[in-house]
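What follows is calculated from the coordinates using simple rules that are stated; it is not laboratory data. This structure is a prediction, so every number in the text was calculated from the model and none was measured. Quick reminder, even Gly has a Cβ in these numbers, built from the backbone with ideal geometry, and neighbours come from all protein chains shown.
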Amino acid sequence: MADQKLSTAMVDSSSIESDAKVDASNEPTPAQLALEISARRKIDLVLIPTVTMFYLLSFLDRTNIGNARVAGMQRDLKLIDHEYQVAITVLYVPYILTELPANLLLKKIGPHILLPTILVLWGVVVIAHGFVTNYAGLIALRVVLGALEGPMFPGIVLYLSGFYTRKDLSLRIAYFFSAASLSGAFSGLLAAAISGMEGVGGKKGWEWIFILEGLFTTLFGLVSFWLVPQTTEGVRMLSRGEKDATTRRLERDRPFLLMDEKFRPAEIWNALTSVHVFLIFVLFFLGGSIFFAFALFLPSIIRQMQFSPLESQLLSVGPFAAAFFVSLFVAWFSDKYNSRGVPTMVLCSMLTVGWGMFYAAPNTWVAYGSFFLMVPGVYASSPIASAWLANNSEPYFRRASSIALAFMATNAGGILSTWRFPTSEGPRFQKTTIMNTIFSFIMVMCAVSNIFLLKWLQKRKEQNRDKLLEPFLADKEHDGGKKAWLVLGDRHPDFKYTL
């Protein structure tokens, strides 16, 4: 069925291409629009399954330590709670440190080389987790794993922003980011199944979790060298006309996208000093502390609610499965109405209500039910906020810096979360629950504030248009020409912020 649809689409695009004339104006003709739609669908077929698998494996391999803990890893390695928390924390330090440099190098090395390479390498490191015998070995492996996994998420967001317009980006980020919630659901089922291999080959069940999941990651990484195109020119499914149509579509959306921009360290500073970017940084830090709390501790939290290890693994599936569907629906809504702030605000409100429900829950099942608000709330808000950030940060290296710095903030939040769920405070973790309720409310306020800030910034730069463009008018173009777009980026008066 899929092949038949694809063949039909290729035939249709060929006939459309023959009718498509390049209009002298900047507006596409109906035939050109049809080519753009055809090209976008083919790009979806090529890119989205691959990057979704990349992120699913990234999240699975980073967080399966939580499943391994429930399956007996902490007991077998004789780790106290403090040592287990350190093992989780040390991953985030190199993870954070590699995000920005990797994003700045992505264009030079090429995503078709960098992304598959780090996937293969971390797969090998995950396999090695299955042979660790002591605390020191576990710490060493977590450090290396963090350094290798750090570039993946910001790299994918930056990579996709070169194939899609700003309006189309949120849903595509949600497609691959939904792999995080899918990973949460899948890892519980997978861990429950693999744990049954206890004793096979003289290995523990938790050791097989690492070995089998790491082996699959390594194999997929090797295959992916043939799956990742560097640019639209490398998408073999596209005809010449579809490649040209995609280029025109991207240029209409971001006139400076395809310009020959050189890296300037000032763009890192420009990212750091943009107030609308800073608000997203705050949102990402607070959200990261909650996001990774569920990714790493949800099975353990449920376990402390007097469920068996197997029941805990299986009960963790439901909230993550709900997050998967909510993420896709909200991202579709966000792209359809080109709105980022309102969906982010609603999801963070849902997260706030969920924490309040967990705190006041009169029994175990009500407390468990609160996860169906909290997990979708934080997981579905992340791709929307990521798209919001990418939409409003230009040119390329400012966008690369903003994305990387935001995910550094997310993972700094992850470090905080690793220390907020000691078993001695379970099963309700009142101090952490109060903290996360406050964090969730601040996230709502960040979303609301950013909407009004962007409206004000848009109005101000349009009012000061002549002053902003005055240094560039020697180019004899009404918008200041290429130099104005590259220097001003999203501060250019003709650049429209996405609300």
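Below are the figures for this structure:
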read-out	value
Cα centroid of the range 445-463 to Cα centroid of the range 310-356, whole Å	25 Å
Within straight-line cross-link reach of Lys467, lysines at Cα separation under 28 Å, skipping those fewer than 8 residues along the same chain	Lys262, Lys455, Lys459, Lys476, Lys482, Lys483, Lys496
Likely footprinting exposure, Asp76, Asp490, Asp244, fewest C-beta neighbours within 10 Å first	Asp76, Asp244, Asp490
Euclidean distance between Cα centres, the range 55-127 to the range 190-247, Å	15 Å
Euclidean distance of C-alpha centroids, the range 364-387 and the range 277-307, integer Å	9 Å
Between helix 364-391 and the chain: long-axis angle, C-alpha atoms, 0 to 90°, nearest 10	30 degrees
Residue-by-residue Karplus 3J(HN,Hα) for the range 286-292, coefficients 6.51, -1.76, 1.60, Hz, glycine and proline x	5, x, x, 5, 7, 4, 6
Net length gained if the chain between Arg428 and Ala361 were fully extended (0.36 nm per residue, minus Cα distance)	23.2 nm
Note, ³J(HN,Hα) from phi for the range 438-453, Karplus 6.51, -1.76, 1.60, rounded to Hz, x at Gly and Pro	5, 4, 4, 5, 5, 4, 4, 5, 4, 5, 4, 4, 5, 4, 5, 5
Karplus-derived HN-Hα couplings along the range 34-43 (A = 6.51, B = -1.76, C = 1.60, θ = phi - 60°), whole Hz, x at Gly and Pro	5, 5, 4, 5, 4, 5, 4, 5, 5, 4
Estimated FRET transfer efficiency (Lys455, Arg252; beta-carbon r; R0 25 Å; 0.05)	0.60
20 Å Cα-Cα reach of Lys78 towards lysines, excluding residues that sit fewer than 8 places from it in its own chain	Lys203, Lys204
Helical mean residue ellipticity (222 nm; -39500 (n - 2.57) per DSSP H run of 4+; nearest 500) of the chain	-26000 deg cm²/dmol
Amide H contacts of Lys204 (H built 1.01 Å from N, under 5 Å, at least 5 apart or other chain)	Gly199
